[in-house]
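Working notes for the structure below.
The values are calculated or read from the model by the stated rules, or taken from the named source; none is laboratory data. Just so we're clear, the structure is a prediction, and the values are computed from it rather than from any experiment. Cβ placement follows ideal geometry from the backbone for every residue including glycine, while neighbour counts extend to all protein chains displayed.
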Amino acid sequence: MTILDPSVIILGLVIGSFLNVCIYRIPREKSIVTPPSACPCCSLAIKPWDNIPVISYLWLRGRCRNCSEKISPRYPIIEALNGFLYWAVFRQFDMGWHLPALFAFVSAMLVITLIDFDFQIIPDAITLPGMIVGAAASFILPDPFANHTTVGFTNSIIGLVSGYGSFLLIAVIGSWMAKAEAMGGGDLKLMGMVGAFMGWKAVLLTTLAGSIAGSIIGIGLMAFKGKDRKTAIPFGPFLAIGALISLFFGEAIASWYLSF
Ligand SMILES: [Zn+2]
């Protein structure tokens, strides 16, 4: 532990507060810059001292200072999760110019998870710039499947194309078999972004891990909530979880697999 650990966590909390704004406004096609955050109930602008990540929520006991309307615990949870993810990235990949890119990546996965969960869409405004940033930063991005090497441009482009392409294939076959859109175009672009940031191995592991997580949750929902198979469950959150598993455990899983 150094002074850098709490600094990274605080940065993650503050950015996490901004992510809450993005999650609410991007799918509603509102500006993420103006106006400042306001209470959704009484519309009163939130004072800076009432907008301190996590702490303000606890201090105000989860209610608006003005109208006492309940504030969703989702907001501090997302802030705390983002703080934890930044810290985990910092601990695993050390200091360097790759950190801002990786911070952006894990935050993007968090935002995509929540927006897809709420609206069943994955905004192009995140995934298209994500593909470009991933490819452009591939020279400095650490390869999650090989310690102390970078992803590299070739691997990044192969990842981008295979992520976008293989899912295109699955989407076509899925829609042909189920006569319904099995997977949206947003999922394809998300996989393109995952491949651009982490290379082609991450495309395989993310797909595998996401499918397993999705199946477990899907079966669970059917069993406990009586949801039938036609109930649409967004796939994006599971892909985002699969991508984070690839980032943090890619090398461990690959070497475990190769030991057989
Ligand atoms: Zn209020």
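Quick notes
- Subset tally (residues that are basic (Lys, Arg) and under 19 Å from the mean Cα position of the chain (by Cα)) for region 15-39: 2
- Residue, nearest to the ligand (Cβ to nearest atom), within region 17-32, restricted to residues that are of a type in the set (Ser, Thr, Tyr) and surrounded by 13 or more Cβ atoms within 10 Å (Cβ to Cβ): Tyr24
- From the options Pro100, Pro35, residue that is within 16 Å of the ligand (Cβ to nearest atom) and either β-branched (Val, Ile, Thr) or loosely packed, with under 13 Cβ neighbours inside 10 Å (or both): Pro35
- Tabulated pairs, region 71-84, first part of a helix (DSSP H, G or I), second among the aromatic types (Phe, Trp, Tyr), C-beta under 6 angstrom, 6+ apart or interchain: Pro76/Tyr57
- Taking region 48-60 as the range and being assigned to a loop (DSSP other than H, G, I, E, B), within 14 Å of the ligand (Cβ to nearest atom) and at pLDDT 90 or above as the test, only Leu60 passes.
- Hits in region 71-97 - residues which are within 16 Å of the ligand (Cβ to nearest atom) and either farther than 20 Å from Leu19 by Cβ or in contact with a strand residue (DSSP E or B) (Cβ under 8 Å, 6 or more places away or on another chain) (or both): Ile71
- Conditions (1) in contact (Cβ under 8 Å) with a residue 40 or more places away in the chain; (2) touching a strand residue (DSSP E or B) at 6+ places or on another chain (Cβ under 8 Å): number failed by Leu13: (2)
- Flag for Ser68 being of a type outside the set (Asp, Glu), within 16 Å of the ligand (Cβ to nearest atom) and in contact with a helix residue (DSSP H, G or I) (Cβ under 8 Å, 6 or more places away or on another chain): no
- When region 103-125 is limited to residues that are more than 21 Å from Phe248 (Cβ to Cβ) and of a type in the set (Val, Ile, Thr), the one that is surrounded by the fewest Cβ atoms within 10 Å (Cβ to Cβ) turns out to be Ile121.
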